[in-house]
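The next block holds one structure in the form of structure tokens; read it before the comments.
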Amino acid sequence: MQLEDLVALCKRRGFVYQSSAIYGGLQGFFDYGPLGVELKNNIKNAWWREIVHLREDVYGLDSAIILNKSVLNHSGHSDTFHDILIDCKECKCRFRDDEMKTKNECPGCGCADLSQPREFNLMMHVNLGPTHGVHGVLRPETAQGVFINFKNVCDSFSPTLPFGIAQIGKAFRNEITPRNFVFRVREFEQMELEFFIKRDQADKWFAYWVEQRVAWWKKIGVTNIKLLNQKPQELAHYSSATTDIAFEFPHGLEEVEGIANRGDFDLGSHTKMQEQFDIKAKVKENKDSVDKLCMHEDGASFIPNLVETSSGLDRAFLAVLASAYCVEKIDESERVVLKLHPALAPIKAAVIPLAKNRPELVALARKIFTNLKACNIFPVELESGGNIGKCYRKHDEIGTPFCITVDFDTLETNKVTVRDRDTMQQIHVHIDDVVTFIEEKIRL
Ligand code: ATP
């Protein structure tokens, strides 16, 4: 499968569209269509369920997207969140130094007339208020919202270590060359967990989270993954260990999630009176913060360490689609099928009356459709009836796990035909059992 196959399917079937397309588009921005938003929400829910709802030690958060620039000054982003940019003087294209396949050769036109490499900060800035006097920054990661709310969560809930704060939300990076569809974009969503721990427990929790996160990716059907441990020389100065979970995308093996042992860098950086604490990370002096981001135990105050798991929702979306996409040969024809985990499928079931001109079939199909929704199984789609082969093909391609057909026998037997997307096998299910049947199959 090529990336183009997925891009074409996403556009054709309403998963993802180029943003601002009717005005020529805007590079690095995409809009999620009716099926895309369902799939994306299902991935988010699967993550939130696992990280927040099924646990007793993680709090959820939804913090503001625009930050006071002091947050980014003390997080290190203003000074170090750069990519190295090179301009080609011949074809005028701009690229990151790591995109050069051959040294001193433009990846666009191949010429050697290049500018000196220079640092390019990836953060996006906004002016706020009527006089444009206030400067805000669009967050480049959701994590900073967690750190600046650490004290609030501690004050409201009095947690004891270890505990985590999780957030899903938009992040913005002025990527030099957005590419590979939703893999590298300028506006994206992250699913991040900051798990606060005692210093001497860091290795144990780091290993624990790597294992947990690999298990989650496998559970949602993303199995073609590899763990890449960053070498000591590649590590950020505050990190003692980073493992990337990489997925074999159609365009190559690339990171979908990073898990990092970040020590006390983040809370230490945002805290006032740093000298009062035994901070191990190299932090910039902080005269702007008004709070100490510490905890108290046995009469002592200390700054916790943390392990972070940071994944991109748009990359998860692409990895889920790529893992599910199959082309199967049936007799002389081909069927494209998205073998999504039913819990992730944008549409859970389609109800199809065999003939659209038979009111009794259409009415019964509508009754089943309404009943499924009333029992919290949705979205479900009610087909208008008619060409059943065409309905199957459409629902295979968008990953609907079950097609429920109401035919003339149904009127006699009260049984519908349920077709399984993956095996194409058909079984008869009593109308009264349809909800339970589907309910059991769409659980994660
Ligand atoms: P890369 O090296 O691919 O640019 P990164 O190491 O800068 O990624 P992190 O800062 O660790 O990424 O961000 C955590 C996660 O956020 C990544 O694993 C990825 O899934 C997602 N992410 C980061 N940048 C982008 C982007 N431009 N578009 C889509 N997702 C992104």
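Considering (1) under 30 Å from F302 (Cα atoms); (2) more than 15 Å from the ligand (Cβ to nearest atom), say which one K103 fails and leave the rest.
(1)
Would you mind finding the one in D155, D113 that is away from the ligand (no atom under 16 Å from the Cβ), loosely packed, with under 13 Cβ neighbours inside 10 Å and under 16 Å from L267 (Cβ atoms)?
D155
Could you tell me which residue of the range 334-365 is farthest from the chain's Cα centre (by Cα), considering only residues that are part of a helix (DSSP H, G or I) and either under 24 Å from R13 (Cβ atoms) or touching a residue at least 40 places away in the same chain (Cβ under 8 Å) (or both)?
E360
Within the range 228-257, can you find the residues that are of a type outside the set (D, E) and more than 13 Å from the ligand (Cβ to nearest atom)? Spell out how you get there, then give the answer.
Just the residues of the range 228-257 that are of a type outside the set (D, E), to begin with: 228-233, 235-243, 245-247, 249-253, 256.
Residues satisfying the conditions are N229, K231, P232, Q233, H237, Y238, S240, A241, P250.
Inside the range 158-181, can you point out the residues that are in contact with a strand residue (DSSP E or B) (Cβ under 8 Å, 6 or more places away or on another chain), within 16 Å of the ligand (Cβ to nearest atom) and not aliphatic (A, V, I, L, M)?
Scanning the range 158-181 gives Q167, G169, K170, F172, R173, N174, E175, T177, P178, N180, F181.
Which ones in the range 120-150 are of a type outside the set (A, V, I, L, M) and closer than 25 Å to G258 by Cα?
Our first condition is that a residue be of a type outside the set (A, V, I, L, M); within the range 120-150, this holds for 120-121, 125, 127, 129-133, 135-136, 139-142, 144-145, 147, 149-150.
Answer for the range 120-150, where residues must be of a type outside the set (A, V, I, L, M) and closer than 25 Å to G258 by Cα: F120, N121, R139, P140, E141, T142, Q144, G145, F147, N149, F150.
From L372, L382, grab the single residue that is under 25 Å from I442 (Cβ atoms), within 31 Å of the chain's Cα centre (by Cα) and surrounded by 21 or more Cβ atoms within 10 Å (Cβ to Cβ). Let's see the steps before the verdict.
Working: L382 fails: surrounded by 21 or more Cβ atoms within 10 Å (Cβ to Cβ).
After applying the criteria, what remains is L372.
Take the conditions within 11 Å of the ligand (Cβ to nearest atom) and either surrounded by fewer than 19 Cβ atoms within 10 Å (Cβ to Cβ) or modelled with pLDDT under 95 (or both) and apply them to A260. Does it pass?
Answer is no for this residue.
One line per residue, one yes/no per condition, for (1) at negative phi; (2) among the β-branched types (V, I, T); (3) at pLDDT 95 or above:
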position: S311; (1), (2), (3): yes, no, yes
position: I330; (1), (2), (3): yes, yes, no
position: E334; (1), (2), (3): yes, no, no
position: I352; (1), (2), (3): yes, yes, yes
position: A365; (1), (2), (3): yes, no, yes
position: N376; (1), (2), (3): no, no, yes
position: P379; (1), (2), (3): yes, no, yes
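Can you give me the ranges of the strands (runs of 3 or more DSSP E) entirely in the range 1-95 with at least 2 residues that are surrounded by 15 or more Cβ atoms within 10 Å (Cβ to Cβ) and within 16 Å of the ligand (Cβ to nearest atom)?
Passing ranges, in order: 16-18, 30-32, 82-87.
Taking the range 208-246 as the search range and keeping residues that are farther than 23 Å from E50 by Cβ and of a type in the set (G, A, S), which one is surrounded by the fewest Cβ atoms within 10 Å (Cβ to Cβ)?
Step by step, filter the range 208-246, then rank; the result is A236.
Out of all the residues in the range 300-326, which are more than 24 Å from T242 (Cβ to Cβ) and not in a helix (DSSP H, G or I)?
Listed by number, the residues that qualify are A300, S301, Y325, C326.
Of all residues in the range 70-104, which are farther than 30 Å from K287 by Cα and within 25 Å of the chain's Cα centre (by Cα)?
R96, D98, E99
Would you be able to say whether some residue in the range 318-325 is more than 24 Å from the chain's Cα centre (by Cα), away from the ligand (no atom under 16 Å from the Cβ), surrounded by 13 or more Cβ atoms within 10 Å (Cβ to Cβ) and at negative phi?
Taking every residue of the range 318-325 in turn, none turns out to be more than 24 Å from the chain's Cα centre (by Cα), away from the ligand (no atom under 16 Å from the Cβ), surrounded by 13 or more Cβ atoms within 10 Å (Cβ to Cβ) and at negative phi.
Do the conditions hold for P130, that is, is it over 27 Å from S78 (Cβ atoms) and either of a type in the set (A, V, I, L, M) or surrounded by fewer than 18 Cβ atoms within 10 Å (Cβ to Cβ) (or both)?
no
Which residues, taken from the range 182-217, are within 10 Å of the ligand (Cβ to nearest atom) and part of a loop (DSSP other than H, G, I, E, B)?
Passing the criteria: V182, F183, V185, R186.
Can you find, within the range 125-141, the residue that is nearest to M191 (Cα to Cα) among those that are part of a loop (DSSP other than H, G, I, E, B) and within 16 Å of the ligand (Cβ to nearest atom)?
In this case the residue turns out to be E141.
Could you go through the range 291-307 and let me know if any residue there is within 29 Å of G221 (Cα to Cα), within 16 Å of the ligand (Cβ to nearest atom), touching a strand residue (DSSP E or B) at 6+ places or on another chain (Cβ under 9 Å) and at pLDDT 95 or above.
yes
The values are calculated or read from the model by the stated rules, or taken from the named source; none is laboratory data. All figures in this text were calculated on a predicted structure; none of them were measured in a lab. Cβ: placed from backbone, ideal geometry, glycine included. Neighbour counts: every protein chain shown.
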